[in-house]
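The values are calculated or read from the model by the stated rules, or taken from the named source; none is laboratory data. All values reported here derive from a predicted model rather than from experimental measurement. Here the Cβ positions follow ideal geometry from the backbone for every residue, glycine too, while neighbour counts run over all protein chains shown. All accessible areas refer to the heavy atoms of the entire protein, side chains included, with ligands and DNA or RNA removed. Shrake-Rupley method; radii C 1.70, N 1.55, O 1.52, S 1.80 Å.
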Amino acid sequence: MNRTMSGFFWISLYLLVVLVPVFLMLVPPVPSGRTFWLEFSVALGFVGLTQIAVQFVLIARFKRVTAPYGIDIILQYHRQIALLAVLAILAHPLIIVLDNPSRVKLLNPFGGNWASRAAWVSIFSLLAIVGTSLFRERIKMKYEWWRFSHLALGVAAIVFAQLHVSMAGLYTNTGWKQGLWIATAALMVGMVVYLRVLKPAWQGNYRWRVVEVRPERGDTHTLALEPVGHEGLRYQPGQFAWIKLAGSPWTMEEHPYSFSSSAEDPKRVEFGIKALGDFSGRIGDIPVGTMAYLDGPHGAFSIDRYQAPGYVFLAGGVGITPILSFLRTMADRGDPRPVLLLYSDKGWDEIAYRDELERLKGRLDLEVIYVIEEPPQDWEGDSGFIDGNILEKRLPKEKFTRFFFLCGPPAMMGSVHAALLEHGVPEEHIQMEKFNLA
């Protein structure tokens with residue numbers, strides 16, 4: 001099945017699953033004599049609950065589900081649709097009260113009945129997830145604690161929501177409906193068990209060892225791993241993996257990083273990691289011999305998925321790492337296609353891997369243009385930021401079509417993406433790595 005058909009299949013299945021609760025509401029026996037707004041609020045609640053439940057599948061990293069889109073797109077969708085689902089669930093009790101103000105006691109978390117209390121536990125859990133996700137950096141919550149609380153609160157939200165539906169009983173008033181909702185809750189909790197128990201157990205059979213930690217320019221390190229007792233990992237250039245550096249695969253501390261190595265060598269994988277936080281800041285101190293575990297490969301940002309007669313790569317800062325994987329892989333394959341690399345960073349001494357890029361010029365049809373935000377006094381190259389003027393001056397003028405791959409800080413990607421569109425580059429020829437998976 002090609003990616004288009006696979007993507008259509010999963011979208012269709014997703015819509016079917018989300019709409020199933022509304023269809024079940026119409027299956028007799030159903031309550032009678034209820035107003036439209038009351039029934040509408042119940043429909044919102046069911047759809048919101050199903051959307052939340054489906055999120056457990058989206059975050060489980062099933063490659064068959066994520067392959068047509070890339071897990072980075074899936075996780076962006078997860079963040080956006082989860083917010084809409086929470087709003088739908090919040091609207092459910094508010095519409096009930098607006099429809100009949102005598103039900104206002106249901107809005108009291110300590111009043112009402114046991115069904116409404118279970119609903120409030122679920123709602124408070126969802127609000128806690130939203131709050132910690134939106135403001136994690138502001139409240140300085142450690143990534144590992146956020147991940148743990150995210151999962152625990154998600155399970156609590158699903159379990160108490162299912163209790164609310166069962167105790168309310170109006171739409172689970174037959175054995176098969178009750179069984180279906182219990183099975184749904186069990187399946188969602190099972191997704192967590194799979195992701196946090198079964199999958200790490202499988203990863204324990206595929207260990208990796210740190211063989212080199214090499215300092216690079218720009219406060220960046222290359223972390224090199226080799227397999228222990230297995231054949232390594234096949235991946236596409238530009239993809240990424242979650243890395244665990246610990247004695248146990250069940251650790252909660254794992255972080256996603258792009259491969260910077262050539263995809264032609266499955267027995268040695270490298271990652272370019274810039275010191276931007278607690279974990280990445282400690283990479284330079286990781287001793288050789290440390291055991292590691294990988295969850296991957298993931299991602300759709302790859303030249304292997306988008307073939308073209310030539311490429312333009314645009315990198316900002318540590319965004320060079322997946323693009324370095326492109327170049328190293330092309331060199332190992334003897335790829336003759338022309339490549340233009342526009343690489344920007346704050347200072348000349350911040351340009352990571354520039355020596356490697358110079359060596360790759362001898363193996364590829366590669367032109368590298370450095371754009372320095374704060375150049376030295378004797379700098380004769382491009383300065384400032386990659387913008388429309390630099391694109392006008394530097395982009396190739398040949399007639400054949402090139403594809404554009406863009407990776408860097410969000411602000412840089414947004415401005416360069418807009419400049420490319422203004423320059424006449426078709427949207428379908430632009431691929432971006434929006435690498436925000438937390």
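Some notes on this structure:
- For the chain, leaving out every one of the GluC sites (Glu not before Pro) that falls in a DSSP loop and has at most 10 other Cβ atoms within 10 Å, the longest unbroken run is 1-230.
- Top of Pro28, Pro249, Pro336 by mean-square fluctuation, Gaussian network on the chain, Cα under 10 Å: Pro28
- Taking the chain as a Gaussian network of alpha-carbon nodes connected by springs under 10 Å, the highest mean-square fluctuation of the residues Leu366, Leu198, Leu276 belongs to Leu276.
- Accessible area per residue for region 46-176 is 50 Å², calculated with a 1.4 Å probe on protein heavy atoms, without ligands, DNA or RNA.
- Measuring between their Cα centroids, region 318-345 and region 162-232 lie 32 Å from each other.
- Placing +1 on the Cβ of every Lys and Arg and -1 on the Cβ of every Asp and Glu, with nothing else charged, gives region 317-394 a dipole about its Cα centre of roughly 480 debye.
- Helix 410-422 axis, angle to the chain major axis (alpha carbon atoms, nearest 10°): 80
- The apolar share of the surface of the chain, taken as the fraction of accessible area on carbon and sulfur atoms (1.4 Å probe, ligands and nucleic acids excluded), comes to 62 percent.
- Rounded to the nearest whole Hz, the Karplus-based 3J(HN,Hα) values (6.51 cos²θ - 1.76 cosθ + 1.60, θ = phi - 60°) of region 371-381 follow the sequence 10, 9, 5, 10, x, x, 4, 8, 6, 10, x, with x at glycine and proline.
- For the chain, the longest piece that avoids every one of the chymotrypsin sites (Phe, Trp or Tyr not before Pro) found in DSSP loops with at most 13 other C-beta atoms within 10 Å covers 136-378.
- Net lengthening on full extension, Leu90/Glu422 (0.36 nm per residue, minus Cα-Cα): 115.4 nm
- Surface per residue (accessible, 1.4 Å probe) for region 266-412, Å²: 43
- For Rg/Rh (Cα atoms, Kirkwood Rh), computed directly from the structure shown, the correct entry in (1) 0.99; (2) 0.95; (3) 1.04 is (3).
- Amide H contacts under 5 Å for Ile369, placed H, 5+ residues apart: Leu341, Leu342, Tyr343
- Shown here for region 136-195: trypsin sites (Lys or Arg not before Pro) in loop regions (DSSP other than H, G, I, E, B) with at most 15 other Cβ atoms within 10 Å, namely Arg138, Lys140, Lys142.
- ³J(HN,Hα), Karplus 6.51/-1.76/1.60, whole Hz, each residue of region 102-116, x for Gly, Pro: 5, 8, 4, 4, 5, 7, 8, x, 9, x, x, 10, 5, 5, 6
- Cα-based reach from Lys393 at 13 Å (exclusive), listing aspartates and glutamates while leaving out same-chain residues under 8 positions away: Asp382
- In terms of its alpha-carbon gyration tensor, region 203-266 comes out oblate; a/c meets the 1.5 threshold, while b/c is at least as large as a/b.
- Each Cα pair under 8 Å and six or more residues apart adds its sequence gap; the mean of these over the residue count of the chain is a relative contact order of 12 percent.
- Dipole moment magnitude, nearest 20 debye, the chain about Cα centre, only Lys, Arg, Asp, Glu C-beta charged: 1900
- Lysines whose Cα lies under 27 Å from that of Lys140, excluding same-chain neighbours fewer than 8 positions away: Lys244, Lys274, Lys346, Lys434
- Between 0 and 90°, nearest 10: helix 71-99 axis offset from the chain longest Cα axis: 20
- From its DSSP helices (H runs of at least four residues, each -39,500 (n - 2.57)), the chain gives a residue-normalised ellipticity at 222 nm of -14500 deg cm²/dmol.
- Radius, Kirkwood style, for region 334-422 when every pair of distinct Cα atoms is counted (Å): 14.2
- For the chain, the longest principal axis of the Cα atoms and the long axis of helix 143-168 meet at an angle of about 20 degrees.
- Candidates Ile95, Ile351, Ile372: whichever shows maximal mean-square fluctuation once the chain is modelled as a Gaussian network with Cα springs under 10 Å: Ile95
- Computed extension length for Asn108-Arg333: 74.4 nm, one decimal, from 0.36 nm per residue of separation with the Cα-Cα distance subtracted.
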